Amino acid sequence: RRRLAPLNEDNGRFLLLAALIAAYLSAGATVFSALESPSEAAAQLRWNRTLHNFSRIFNISLPELRAFLRSYEAAMAAGIRVDALRPRWDFPGAFYFVGTVVSTIGFGMTTPATVAGKVFLIVYGLFGCAGTILFFNLFLERIISLLAFIMKACHERQLRRSGLLPPNFRRGPAVSGVGSLVGWKPSVYHVMLILGIFAITLSCCASAMYTAVEGWNYIDSLYYCFVTFSTIGFGDLVSSQNAAYQNQGLYRLGNFIFILMGVCCIYSLFNVISIVIKQVLNWVLKKFECRCCPKCHKSSARLGRRNAITPGARLRRHNISVDADGQYDSDTEGRRLSGEMISMRELTASNKVSLAILQKQLSETANGYPRNVCINTRQNGFSAGVGALAIMNNRLAETSDSR
């Protein structure tokens, strides 16, 4: 039985980044709490003094005055809270603020009032947002790898039931010998469906918690979940803002976990949906290309068959090339039947190693192989793309250029 490595380079980098982000959030919350808390306390004292003086001078009772100010607060969203709410710039409040900053949610219910706080926010948000986007991309990579592993196991089980896979088949080098598993990659549509179900389930559970604790109706809770998880962050509804809750510590922990998991899941779902949109656009462009100018298309196709192999042709026709190599007895016959200026025998022989490496790279995610295969066409780390779209293109089936 093969023993798994306790921690590889990718997982170590992921865990280290998570620890650094946690320390970064704690440090930012400490700085913002120290900068903004005194200003908030002084403003609250000035407001209480003004309120009592106004009530005494104009002979208006404080309850009536507070009721009027509540209506004004709801209408104008002035930011002056009449009822007792949680402090904005204590450590929990500041931590909540920096979390909304680096995740780009930006509710807007708390903003720096001092010049020092605004300057620090510019520098803090620059590195914090960049690090959090990197964390989201690594989370996307981890969740795609997990889904690929699960879907690979289901695919193998289905092949066993249909009799296309030996019953004693196990993961390992034997995968390359099974034609049904060579180059297998998870479907982007299946991944989108799984992520969509998980996002809906997570939003429903979080909405039930907000309805019970915050007193919102269920539709408002669902609306808040989408606005927050998608990092839109209007700020018209903000959770965990009352002065006290029942089981307050447990609720704050649940709120943090729901927001973190929701943002990561919706980010991954958005990237998968963007890939599907890209595929739809490619399909539409191909349809327009076929219908708008058929004569030009035929002429370009005729010219393209001379001395050139179109991108992706080797991947689409590598099985045909191997068969043709066994059928043709001479290079002249191969050229005559294929219509190419070079023989299929020469093409297959010269690219045998490249095809094997490409096939191995196609299945490395689903099989759990280390991603250290290098192809001669890769000159640097940016040739395969950068960011979430590159992750999806490398790991999902419907994103290849040949489809």
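Coordinate-derived values only; no laboratory data. What you are looking at is a predicted structure, and each value in this text was computed from that prediction instead of being measured. Quick reminder, even Gly has a Cβ in these numbers, built from the backbone with ideal geometry, and neighbours come from all protein chains shown.
The table below lists the values:
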| quantity | calculated |
| --- | --- |
| Relative packing of 40-51, 86-97, which averages over residues the other C-beta atoms within 10 Å, highest first | 86-97, 40-51 |
| Segment 7-82: translational diffusion in µm²/s, Stokes-Einstein, Kirkwood Rh over Cα pairs, 37 °C, 0.692 mPa s | 201 µm²/s |
| Derived scalar couplings ³J(HN,Hα) [segment 244-258; Karplus, 6.51 cos²θ - 1.76 cosθ + 1.60; whole Hz; x for Gly, Pro] | 8, 10, 6, 6, 4, x, 5, 5, 5, 5, x, 5, 5, 5, 5 |
| Estimated distance in nm for a label pair at Leu15 and Ala27, the labels positioned 7 Å out from Cα along Cα-to-Cβ | 2.2 nm |
